[in-house]
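What follows is a single structure, written as structure tokens, with notes after it.
The values are calculated or read from the model by the stated rules, or taken from the named source; none is laboratory data. Model, not experiment: these values are computed from the prediction. All Cβ positions, glycine included, derive from the backbone under ideal geometry; neighbour counts span all protein chains shown.
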Amino acid sequence: MAGALDSSQSFRRLASAANPFARRGNLYALNVIRISRILESQDFDATDRTRDFLTYIVEEAIAGRADRIKAYAIATAVFGKDRI
């Protein structure tokens with residue numbers, strides 16, 4: 001399809017300075033848009049557990065808590081386990 005954007009072009013456009021979400025202070029919103037697009041994509045064939053895992057690690061990382069992503073935190077927050 002001529003003129004159609006592939007996903008990488010779409011993300012570059014979303015991240016451009018012209019997009020208000022890409023301006024300083026709005027990177028969280030931009031990343032939420034990105035992960036939402038991935039999760040909603042028909043090409044992303046994953047179980048609910050995998051989707052929950054991906055959502056958790058991305059949200060923690062973009063919130064500045066990547067150093068807190070540990071097996072125990074994932075087990076309790078994502079999979080509802082009390083103990084490993």
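Computed values, structure above
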quantity: Any chance SER8 is loosely packed, with under 12 Cβ neighbours inside 10 Å, at pLDDT below 85, in a helix (DSSP H, G or I) and at negative phi; calculated: yes
quantity: Among (1) of a type outside the set (Phe, Trp, Tyr); (2) on the phi > 0 side of the Ramachandran plot; (3) at pLDDT below 75, the one test that GLY80 misses; calculated: (3)
quantity: So ALA15, is it surrounded by 11 or more Cβ atoms within 10 Å (Cβ to Cβ), modelled with pLDDT of 90 or more and among the hydrophobic types (A, V, I, L, M, F, W, C); calculated: no
quantity: Counted residues, region 32-52 - those being surrounded by 14 or more Cβ atoms within 10 Å (Cβ to Cβ) and out of contact with any helix residue (DSSP H, G or I) (no Cβ under 7 Å at 6 or more places or on another chain); calculated: 4
